[in-house]
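Working notes for the structure below.
The values are calculated or read from the model by the stated rules, or taken from the named source; none is laboratory data. Keep in mind the model is a prediction, meaning the values are calculated, not measured. Glycine also receives a Cβ, built like all others from the backbone with ideal geometry; neighbour counts cover every protein chain displayed. Surface accessibility is based on the protein's heavy atoms, side chains included, excluding ligands, DNA and RNA. Shrake-Rupley method; radii C 1.70, N 1.55, O 1.52, S 1.80 Å.
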Amino acid sequence: MAIPKNDEDAQMDALDALIAERDQWRDRALRAAAEAENTKRRAETQANDARAYAIQRFSKDLLGVADSLERALQAAPKESEGATASLVTGLELVQKSLLSAFEANGLKKVAPEAGEAFDPHFHQAMMEQPSDTVQGGQVIQTLQPGYSLFDRTVRAAMVVVAAKGSGPAAGGAYSEANTTGGNLDEKA
């Protein structure tokens, strides 16, 4: 047989239910406020990124111009006179101005020197070859410079990387005259 609850117990149960409901609504309000704050921060970050990287596409298009200008200067006669010398000087000034504009807008040239460590974030290995001058995993030569915009790669530098086991003291398989570098099974 059930014992009837008195009014005081009923009121306490109702109060407990109200407190639980209040805690639920408080938790929901706190979660909504946190979500709103996260959304605000995310929107600010995206807006800042959009402003900072708005020129990325435009700068990527200009890299082709910079490459063509570099090739034109490399093909220009070194010992020239008169109009040809003026043309070469003009091209050099245009290149300098273009590179200055790149720097002023945060676009930096990435052209690793021989011996620098290969960084897959900024370098693209075009080939790997043995080297007597640099250790394995280091850059031997830069084939084409890359560019980064505020530490974000716009175009990776194309490089030649030293093969594993390379280096001045390596004395590996490539140091012997009759070695081809491949695994040869002479029994086959």
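The table below gives the values:
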| quantity | calculated |
| --- | --- |
| Filtered chymotrypsin sites (Phe, Trp or Tyr not before Pro), the stretch 1-64: DSSP coil and at most 16 other beta carbons within 10 Å | Tyr53 |
| Label-to-label distance, nm, for residues given as Arg41 and Met12 (7 Å Cα→Cβ offset) | 4.3 |
| Residue-level accessible surface for Glu128, protein heavy atoms, 1.4 Å, Å² | 130 |
| Other-chain or far-sequence residues with amide H under 5 Å of Val154's (modelled H) | Tyr147, Ser148, Leu149 |
| Placed amide H near His123: partners under 5 Å, 5+ positions off or other chain | Ala157 |
| Percentage relative contact order, the stretch 108-162, counting C-alpha pairs under 8 Å, at least six apart | 46 |
| Per-selection Kirkwood Rh - the stretch 49-128 (Cα, Å, 1 d.p.) | 15.1 |
| In the stretch 1-85, the trypsin sites (Lys or Arg not before Pro) that fall in loop regions by DSSP, at most 15 other Cβ within 10 Å | Lys5, Lys78 |
| Under 27 Å, Cα to Cα: Lys pairs in the stretch 1-123, sequence gap 8 or more or different chains | 7 |
| Relative contact order (percent, whole number), the chain, Cα cutoff 8 Å, 6+ residue spacing | 15 |
| Electrostatic dipole magnitude of the chain [Cβ: Lys, Arg +1; Asp, Glu -1; Cα centre; debye, to 20] | 680 |
| Read-out Rg and Dmax of the Cα atoms in Å, derived from the coordinates shown; its label in (1) 33.0, 118; (2) 18.9, 75; (3) 15.2, 48 | (1) |
| Euclidean distance between Cα centres, the stretch 6-21 to the stretch 89-105, Å | 78 |
